[in-house]
Amino acid sequence: MSSPTISQLLQNDGIWQASQKNNLRLAMSTGYAELDRQLHYSGWPQGAISELLLSHNGIGEIRLLSPLLARLNQKPGYITWVNPPYLPYAPALVNQRLKLDKQVIVKTSTVQETIWAAQQAMASTASSAVLVWLPKKVLGNEIRKLSLAAKAGKCWGILLRHQSLSQQSSPATLRVILQVRQQKHLLSIIKQPGGWSGQQISLELFPERINWNPFDVKYWPVFSPEKPQVRTPQMEISPTAKQPQWLFELQQKSMCFSEAIIDKSQRTIRSVDRPKQPYH
Amino acid sequence: MWLSIRLPLLPLETLCKSVPLSEKNHTSQTQKPQAVIEDNLIFCANQAACEKGIKISQTIASAFTFCDSIQLFERNQSQEQQQLNNLALLLYSFSPSVAIEENAILLVEIVHSLKLFHGLENLLSSLKETLDKESISYRLAIGHTPKSAEILSFMPLDYSLKVWQNKQQKIVFSELEQRLSDLPVELMNISPKAIAQIQSIGAKKLGELTKLPEKSIRKRFGEEVSHYLLKLYNKLPDPKDYFIPPENFLQRLEFIDVIHHRQGLLFPIKRLIKDLCRFLTVKQKNCQCLHWELFDSEKNMIGFDVLIADSRINDKVYVELTQLHLEHYTLHAPIEAISLTVNKMHELNAQNKQLFEDSGDFKQTTTFINKIQAKLGNDSCYQLQQKSEHIPELASCQVAEISNASYQVEKIPNNIEKVQNNISIENNLPRPSWLLEKPEKIRFNQRKLLWHGELKIISSQERITNYWWKKKVARDYFLAEHDNGTIYWVFYDLLRKQWFLHGVYS
C-alpha cells in the first residue's frame, strides 16, 4: 500500500514534481529581466522567505530589492525594516521610488527581539515586505518560525545575512549570494523553489556608474601644512579658504542677501533675492 | 411622546458589576440575598432579599434578623451616575433627546425616532436587545408626557402599550387617561407627606383625585401636587435638561473585593474599554492614548499610557495592548480602583472598504506596529521624512508617529508631483541608501584613503556648503570604491581638513 504515502508526500509543500510546473505560486518580478529569467517563479516568491547572503552590508542589496519594494509601495501595506545596520537615507529611498510614509523601521537590541518583531510584522497581513538583518549566526529554528509567519501573512520576507552562512542549511525558500567581482555584481542562486538551482548571473546594479569619472589621486583634496595645497581647478573658488574680495564686500553691504550659494559646476555666484527686510 | 426606562436595581447592579465574571456566574445560579445601604438604612434590595422579608428603609439590624446571610454594600453614588451616563450614551443612538431623571429613570423622546425605526415595535425590540446586553434589570413604559411615562413605568410595559394605536402610529388619549386614572396615588413622584394628605381625603386612585376641580386641589394640597398633575396631563410644559455626551472620557471603577492578580484586572479593563469604544463610536472620534491609573490599598498609584496608532476603534486591540503594558508593572498591594482617561481625540477617518473582499491586498493597519512598540518601547519604531535641506544628514529625519498612509496618498496629489520634480533634479546626484549615524574618520597617507582597507575615489566631486551664517559646513563629497567592492560615500571636510566616511551606496 504505497499510494497513500505518495499522496501524503505530494501534499507536502516542499516536494516539487518536474511534471507540473507550478505557476500558482505567486511571485513578483525582481525588476531585473536577467534575474527573472533565472528564477523558476520569475520573481521574488510571495509568502515565503528569501535569503540574501552578502559579503558586506551595503554591497548593493537595497538596489537589488528596490524595484520590488517600489512596486509593493503602490498598494496598501507597509514595508518593515527590522534591525538595519545603518540608517536608511530618505532622499536615496525617494530616488528609488519608495514612499517614505510606508516604510517602518524597527530598532531591536537582541536576536530574539529581531525575530519576534519580524514575526509580528510578517504575520500581520499589514506589511507587504519585511526586511530582516540577522547577525552572523546559524538560526535554523528561528528562520523556520519566520517562514511560517511569512506564509501566514502572505508577505515577502527577506533575510539579509552574511555570506559565510551560505554553507549552512537554511529553511529559506530562495537563497541568493550577492558578491562583487571586478565592478560587477555577481548573483549565485544556491537554492530556489520550483526547479534546479545553481544559476549564476552578473548584474549591473549601478548603471549610473558610466557617468562617474574617476579622479586621479593627485587631484584629491588634501591638507598638508608644509606643502602648498594640491587642489583641483574647481577648488579655486572655495568659499572657505579664499573668498573673493568682491563677494565678501557684497555680503557685508547687502542686507537683503539672505543666502549666497556658490554653484561649483557653473562657477558663478547665484544670490537668492528676498524682499528687503532686516536681517535678524 | 416619551419612553421611560426605570432601573429599579441600579444601585445594586452597579456595585455587583465590578465583581469579576467568575464570581458573578457563581452567584447567579443561586441568587444570594443582597442589598445596598445608605445612611444605615436599606436602600435597595434584590428579589431574594425581598422574599426573605427585607423592605426599603429598614435598619441594618432588622435586615439581619430577617435574613442573616444577606450581603450588604455601601451605596456608591458616583459610580451609579457613571452607569447612568453610560446608559444615556447608549440611548443616544435611539434619540438625541435623552434625559437622566432622579430615582434612576431615563427618559427618551421617541416621537421623532419612530420613522427611523419603522414604528414603535421595532424601536422597542432593538432597545430591549441593546439593554439586555448590559445585564441590568429595567422596566419600560410610554406616555404622552415625561411624567406620564414615568408613572406608567411602575406597571408592566403591556399596560402602557395598550394606549398605542399601531395603525395610525399615535396614542389614543381617551385610553391613556383611563389607564392613568386607574393608577394608585402613591405612585406619584411627590413628597410622601402630600401623598398621605391625598389618601386622607379618601382618594385611592389618580382618577378620583382628578375629578376634583383644579383650584381646590391647589388649595388643599399645595402647588407641588397641582403642578405635578398639570404636567402629567400635558397642561403645563415640562422642559427637560437633555443629556449631552461629554467631551472627554473618564471612568473609574471601584472594587468591592480588592484585586490581587493582574489576571483579575482583565475583567474591569475589558469593561472600561467596552464603554470607551461605545463612547468613541457615538462621538465618531478616535483616540491615540489611553491613560490607565491603578489605585492600590496603600494609596499608591500606578499610571501608564497606552499609545494607539490604529485609526479604527477596536476593543480587542485596546485590551491586548493594555495587557502588554501591564506586564511591565508588578502589583505591590491589592488594587482597589482602576480608572481610564482619554483626553485627546481626533476625528475618525472613516475608510472606504471594498465591497468584495480583495484577498490580494495588504491591510493598511498599524496593529503590528503598536504591538512592537508596546513590547520593545515606543522609540523602537520610526518612519523617515525627507526635508529640503542641503546638508545630507539633515535632509532625512526620523519621525516616531506612524502615518496611516492609505488616505494620505489620495489627499495630497499635488505634493507627489512636487516630490517627483525634486527627484528629477536630485537624480543626477548620487545619494547613498545607508547613512552612518556619525561620519567616521578615514586616514589619508597622501596616496591612499584607508578605512578597513583601501578606498579609491570613482566619481567627481559634489560640493555641499551651507549655513555660512551660523556654523559653517563645507564638504566635498565623492563616491569611493572599497577593496571589497562596496561603494562608499565619503567627503573631505574643507574646514577640518579631514576625510570622513558618511554613507554606503547600496
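The values are calculated or read from the model by the stated rules, or taken from the named source; none is laboratory data. Not measured: the values here are computed from a predicted model. Cβ atoms come from the backbone with ideal geometry, glycine included; neighbour counts cover every protein chain shown. For accessibility, only protein heavy atoms count, side chains too; no ligands or nucleic acids. Shrake-Rupley method; radii C 1.70, N 1.55, O 1.52, S 1.80 Å.
Odds and ends about this structure:
- Hey, B:ILE313 among the β-branched types (Val, Ile, Thr), open to solvent by less than 10 Å² (accessible area, probe 1.4 Å) and either over 26 Å from B:LYS283 (Cβ atoms) or in contact with a strand residue (DSSP E or B) (Cβ under 8 Å, 6 or more places away or on another chain) (or both) or not: no
Residue-by-condition table, conditions (1) open to solvent by less than 50 Å² (accessible area, probe 1.4 Å); (2) out of contact with any Ser or Thr (no Cβ under 6 Å at 6 or more places or on another chain); (3) charged (D, E, K, R):
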position	(1), (2), (3)
B:GLN263	no, yes, no
B:PHE267	no, yes, no
B:LEU272	yes, yes, no
B:LYS285	yes, yes, yes
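- Test: residue in region B:181-202 that is small (Gly, Ala, Ser), within 20 Å of B:HIS227 (Cα to Cα) and surrounded by 14 or more Cβ atoms within 10 Å (Cβ to Cβ): yes
- Taken together, the residues in region A:154-175 that are surrounded by 17 or more Cβ atoms within 10 Å (Cβ to Cβ) and of a type in the set (Ser, Thr, Tyr) amount to 2.
- Candidates are the residues of region A:157-180 that are among the hydrophobic types (A, V, I, L, M, F, W, C) and more than 17 Å from A:VAL106 (Cα to Cα); the one that is nearest to the other protein chains (Cβ to nearest Cβ) is A:VAL180.
- Scanning region A:68-88 for residues that are over 14 Å from A:SER127 (Cα atoms), open to solvent by 10 Å² or more (accessible area, probe 1.4 Å) and facing another protein chain (nearest Cβ under 8 Å) returns A:PRO84, A:PRO85, A:TYR86, A:LEU87.
- Test: residue in region B:139-158 that is at pLDDT below 85 and either among the hydroxyl-bearing types (Ser, Thr, Tyr) or not assigned by TED's automatic domain parsing to the domain that holds B:TYR228 (or both): no
- For region B:368-398, the tally of residues that are open to solvent by 40 Å² or more (accessible area, probe 1.4 Å), at the interface with chain A (Cβ under 9 Å from one of its Cβ atoms) and not charged (D, E, K, R) stands at 4.
- Residue among B:ILE313, B:ILE269, B:ILE273, B:ILE338 that alone is touching a residue at least 24 places away in the same chain (Cβ under 8 Å), in contact with a helix residue (DSSP H, G or I) (Cβ under 6 Å, 6 or more places away or on another chain) and over 23 Å from B:ILE256 (Cα atoms): B:ILE313
To keep it simple, each residue is scored yes or no on (1) within 14 Å of the chain's Cα centre (by Cα); (2) aliphatic (A, V, I, L, M).
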{"residue": "A:ARG63", "(1), (2)": "yes, no"}
{"residue": "A:LEU98", "(1), (2)": "yes, yes"}
{"residue": "A:VAL111", "(1), (2)": "no, yes"}
{"residue": "A:TRP116", "(1), (2)": "no, no"}
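- Single residue of region B:151-166 satisfying the filter (touching a residue at least 24 places away in the same chain (Cβ under 8 Å) and open to solvent by less than 10 Å² (accessible area, probe 1.4 Å)) that is nearest to B:LEU187 (Cα to Cα): B:ILE151
- Considering A:LEU131, A:LEU146, A:LEU160, the condition of being of a type outside the set (Asp, Glu), part of a helix (DSSP H, G or I), in contact (Cβ under 8 Å) with a residue 24 or more places away in the chain and out of contact with any His (no Cβ under 9 Å at 6 or more places or on another chain) is satisfied by A:LEU146 alone.
- Selection from region B:449-485 of residues that are over 57 Å from the mean Cα position of the chain (by Cα), open to solvent by 40 Å² or more (accessible area, probe 1.4 Å) and farther than 19 Å from A:HIS56 by Cβ: B:SER460
- Qualifying residue in region A:130-153 (condition: open to solvent by 10 Å² or more (accessible area, probe 1.4 Å), within 10 Å of chain B (Cβ to nearest Cβ) and under 23 Å from A:ALA70 (Cα atoms)): no
- Candidate set from region B:470-506 (those that are more than 8 Å from every other protein chain (Cβ to nearest Cβ) and in a loop (DSSP other than H, G, I, E, B)); member that is farthest from A:LEU205 (Cα to Cα): B:LYS470
- Residue in region A:93-116 that is in the same structural domain as A:GLN183 (by TED's automatic domain parsing), under 26 Å from A:LEU26 (Cβ atoms), crowded, with 24+ Cβ neighbours inside 10 Å and out of contact with any Phe, Trp or Tyr (no Cβ under 9 Å at 6 or more places or on another chain) present: yes
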